[in-house]
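Structure record follows, encoded as structure tokens.
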Amino acid sequence: EYDYGEALDLSTFTALKVYDNGDKEEFNIAYCFMSEFDPETLGDQVITFSLLGKTYDVTITVNDYVVGYVLDTTGAVKTEFYQYEEITLEGVVLKYVMASGARQDVDFAYVVKTTGTTLKPTTGVTQIGVQAYKDEEAIGSKAGLGITVVANPVTDVQINTGDIDTVFLEGRDAFNCDGIELTIITEFSDPFVVTVGDPAVSISAKYFNK
């Protein structure tokens, strides 16, 4: 048996001439003609040695082996999150990297965590780091995962008119909503209060749809 990419070592073979009377004589196998052997073809290969019309077949097995680990983020991974929503990493899987370049699922338990990155209030596309851990010890290299942060969905808007004017004289007073406080309740963050008319606050139209 050989590892992937390992050259055939003829020094491990012993070639014998066997005479009709049963005598045996060792000789250099390099004198034989040998069929092609590909160290990058996995599985069994039959190698044929021939000399003076005589042939002998040897089955050689080429095995793949692990050279490292990689976090695979190409599967069914959730990549869109709301502001303040907890990051979930289902679908990010740890795989063996084989000498042949193939990837195989690992055969041990592990967890995948973000590497200190939390979602910020700002929306847009960002890159977070993810790392696999086995028994609390980091394994393999850190990987990047591109995610999109979208606006935190508003679930309710509560209006507090406070001490603002609610009586207006027809034809003289212009109505305005300055001073009205809105308590914005969202799905993934604590409620927060904004004041209508405050020049430092931008109120999205979707709040008023509530």
message = Charges at C-beta only: +1 for Lys and Arg, -1 for Asp and Glu. How large is the resulting dipole of the stretch 48-138 about its Cα centre, in Debye rounded to 20?
response = 300 debye
key: For the stretch 100-110, Karplus couplings with θ = phi - 60° (6.51, -1.76, 1.60), whole Hz, Gly/Pro x   = 6, x, 5, 10, 10, 4, 6, 10, 9, 6, 7
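Identify the GluC sites (Glu not before Pro) of the stretch 39-94 meeting these criteria: DSSP loop state and at most 11 other C-beta atoms within 10 Å of the C-beta.
Here the GluC sites (Glu not before Pro) that fit, given the DSSP loop and packing criteria, are E40, E86, E90.
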Sequence-distant residues sharing a close amide H with V93 (under 5 Å, placed H) = D72
key: Per-residue ³J(HN,Hα) for the stretch 131-137, Karplus 6.51 cos²θ - 1.76 cosθ + 1.60, θ = phi - 60°, Hz, x for Gly and Pro   = 9, 8, 10, 10, 6, 6, 10
ask   = Roughly how much of I159 is accessible, in Å² to the nearest 10, using a 1.4 Å probe?
value = 120 Å²
query = At a probe size of 1.4 Å, how large is the accessible area of K54, to the nearest 10 Å²?
reply = 150 Å²
key: In sequence order, calculated HN-Hα J values of the stretch 27-33 (Karplus, 6.51, -1.76, 1.60; Hz; x Gly/Pro)   = 9, 6, 5, 5, 6, 7, 7
remark   = Restricted to pairs 8 or more residues apart or on different chains, the lysines in the stretch 15-148 with C-alpha atoms under 24 Å apart form a number of pairs equal to 14
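The values are calculated or read from the model by the stated rules, or taken from the named source; none is laboratory data. Note that the coordinates shown come from a computational prediction; the quantities given were computed from them, not determined experimentally. Here Cβ is always computed from backbone atoms with ideal geometry, including for glycine, and neighbour counts include all displayed protein chains. With ligands, DNA and RNA removed, areas are computed over all heavy atoms of the protein, side chains included. Shrake-Rupley method; radii C 1.70, N 1.55, O 1.52, S 1.80 Å.
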